[in-house]
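This report refers to the structure that appears directly beneath it.
The values are calculated or read from the model by the stated rules, or taken from the named source; none is laboratory data. Just so it is clear, the model here is predicted, and its values are computed rather than measured. With ideal geometry, Cβ positions are generated from the backbone for all residues, glycine too; neighbour counts draw on all protein chains shown.
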Amino acid sequence: MKRLESDSASGFSDPVTYTCTCASSHTSSTSTHPSGSVLLYYRYWAAPPALPASAAHLTSDTNALAAWYSQQTATLHLSGKIRCAPEGFNVTVGGSTAEISTFISACAAHWSFSGLGLGSSDTVNQEELEARQRFFKPSPGCACVFGPKASVRVVAEATPMGVEGYAPADWEKVVALTPAAFHAKCHDERRQSVLVDVRNHYESRIGYFVSPLTGEPGLRPPIRRFSQWPQYVKGHLDELKGDMAGKQILTYCTGGIRCEKGVRWMQERLGDGETVFTLKGGISAYLDWMNAEIQEGRKTAAESLFKGKNYVFDARGAIGLNEQGTPVSRCLACNKLSGRLDKCRSEGCHLVVVVCEDCQSLDPRCCQDCRDMDTLIARGEERVGKFVPRPMCACEKEREDQMWAGNRVKKPKTQGWRKGKKDEKKGGQGDVAPGDVKIKGYLPMSDRTSDAENL
C-alpha cells in the first residue's frame, strides 16, 4: 500500500505539548485559545448510514481518496493524520477557522460523505449544520498540534484492531446512543449497567466515565494499544461474561471509531443474550454536548459523568470541559492531583505519564526500571538499537501481566516485534492469543511510534 506522506521517525511518539506559531494564534483579554479547530471523524463503508449506490463503486480506489485528502490539506494548509483503508477512513485535521470551514464544505460535497445528511454546498440548513457539528466534532486547536504537514496514508485498517480480515457480522447488533441518551441510560435504575472503556490504559488513567448510581468508574482494560483489545477480550472472556451477565453494557472511546469494530468484536463473543450500547461520537461528542448543556443552564459541570480529561492523539495532550474540574490522576513524582501529561524520557519508551508543572524539570521516568536501564546504557553495559529492541520496563511488565491474566501463550524478553514481523511475511501468526483468528503480535518499546492509529 502506498504511503503518501512521511510519518514520525521510528522510535518517537506524538508530543503532548506545543506552542502555536501559525496565524490561528491570538491573545485577547479573555482568551488565549487559537482561533482554529481540530476535526475528528471517521466512516466505515459497511456501517449505516450506507453510501448511495451511485457512489459505492468508488470505495475500491483507496489511493484516489488519499490523493484527494493530500490535495485538500496542501491547498488549505491543514495538518493532521489521515488514514484511508478499503473499509473506510479515519481522520483528524487542524487549521484556522476559515480553512477548516472551507474544508468541511469540500468534504460535504465529496462522494465519500454521501448519505450522511451534511448538505452539499456552503448553503446549508440548521439540521445540516447540526449534523456537521456531530460528525466532524470540532474542538479548539490548529495545524500546529500536528506538525508542519498532514500525514496521509493508505492502510489496511482505518484503525488497526490487529485482527486480519475482521468485519462485524451485523452492524445493527450494537446500539449507538447520542450523548444525551447515553447520559440518561447511565442514570437508568431499572436495569444494572456496566461501563466499558475501550481506550488504552494511559488514556483511561487521566479521564473516565463514572456511574451516577455508584460513583465508581467502569471497566478500564490494561491495554497499551488498540491492537491488544481482542487479546484482552479473549483472555478475559469468562470473567467478562460473568461480570456482564444480564446487565446493560455501555461502551465508549475517544471519538467512536474504536468502539465501531472493537465493541462488536466483544459482543459477538459475549453472545446475543447481552444488550450492548456504544456512545456515538465518543467522549469528544459527550463533552461537546455537555458544554452546550452547561452554557444553556440546563446542567452544571458537576453533573458531567465524564471526569478528568479526554486524551487526544496530538500535541494538545488532553482536553476537557470548558469549565475545568478536579483532575482524577496524580503526578507520578509527587502524587499530587494533576492532569498534565508528559512522556517518560527514556529513549525507546515514551510512555505517556502524568507529571505536574512543579515536577516537570525532574527528568521523569515511568518507573525506576527505565531509569536503571538508562544508566546501564550510558555505561555501555546494555545495548539497545535498531536490531536490539529495548526490553519492557517494570511498569509495562506489570500491565502486560494484568492484560494476559496469566494466560499468555509465550512470554518473550521483548514484545515479539522481530518474530512477529518474520512470521507475518511467512503467513504465520507470531505471538498470538489462542483462538481461531489471526491476531497480530506486539510492538517493542523501541518501536512505539505515533499513537495516531488509536484515534
(message) Take the conditions in contact with a helix residue (DSSP H, G or I) (Cβ under 7 Å, 6 or more places away or on another chain) and within 28 Å of Pro160 (Cα to Cα) and apply them to Leu287. Does it pass?
(response) no
(message) Please pick out the residue among Glu189, Glu157, Glu127, Glu172 that is touching a residue at least 24 places away in the same chain (Cβ under 8 Å) and in a helix (DSSP H, G or I).
(response) Glu172
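If only one of Trp289, Trp265 is in a helix (DSSP H, G or I), more than 17 Å from Ala181 (Cβ to Cβ) and of a type in the set (A, V, I, L, M, F, W, C), which one is it?
Going through Trp289, Trp265 in turn, the sole match is Trp265.
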(request) For segment 319-331, name all the residues that are over 21 Å from the mean Cα position of the chain (by Cα) and surrounded by 20 or more Cβ atoms within 10 Å (Cβ to Cβ). (result) Cys331
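Table: residues versus (1) surrounded by fewer than 19 Cβ atoms within 10 Å (Cβ to Cβ); (2) at pLDDT 95 or above; (3) under 20 Å from Val38 (Cα atoms).
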{"position": "Asp122", "(1), (2), (3)": "yes, no, yes"}
{"position": "Phe146", "(1), (2), (3)": "no, no, yes"}
{"position": "Gly162", "(1), (2), (3)": "no, no, no"}
{"position": "Gly165", "(1), (2), (3)": "yes, no, no"}
{"position": "Ala176", "(1), (2), (3)": "no, yes, no"}
{"position": "His187", "(1), (2), (3)": "yes, yes, no"}
{"position": "Gln192", "(1), (2), (3)": "yes, no, no"}
{"position": "Val196", "(1), (2), (3)": "no, yes, no"}
(request) Would you tally the residues in segment 247-262 being within 20 Å of Leu287 (Cβ to Cβ) and either in a helix (DSSP H, G or I) or within 13 Å of the chain's Cα centre (by Cα) (or both)? (result) 9
(message) Consider segment 268-286. How many of its residues are part of a helix (DSSP H, G or I) and at positive phi?
(response) 1
(request) Give segment 232-266 a look and list any residue that's surrounded by 20 or more Cβ atoms within 10 Å (Cβ to Cβ), at pLDDT below 95 and touching a strand residue (DSSP E or B) at 6+ places or on another chain (Cβ under 6 Å), or say none. (result) Met244
(message) When you scan segment 87-108, do you find a residue that is touching a Ser or Thr at 6+ places or on another chain (Cβ under 8 Å), part of a helix (DSSP H, G or I) and under 21 Å from Pro48 (Cα atoms), even just one?
(response) yes
(message) Restricting to segment 130-141, give me the number of residues that are assigned to a loop (DSSP other than H, G, I, E, B) and at pLDDT below 95.
(response) 1
(message) Show me the strands (runs of 3 or more DSSP E) found entirely inside segment 294-405 where at least 3 residues are hydroxyl-bearing (Ser, Thr, Tyr) and at pLDDT below 95.
(response) none
(request) Kindly establish whether Glu239 is of a type in the set (Asp, Glu), within 23 Å of Pro327 (Cβ to Cβ) and in a helix (DSSP H, G or I). (result) no
(message) I'd like to know if segment 322-345 contains one or more residues that are farther than 30 Å from Glu216 by Cα and not hydrophobic (A, V, I, L, M, F, W, C).
(response) yes
(message) Give me the residue from segment 62-94 that is small (Gly, Ala, Ser) and at negative phi and, out of that set, surrounded by the fewest Cβ atoms within 10 Å (Cβ to Cβ).
(response) Ala64
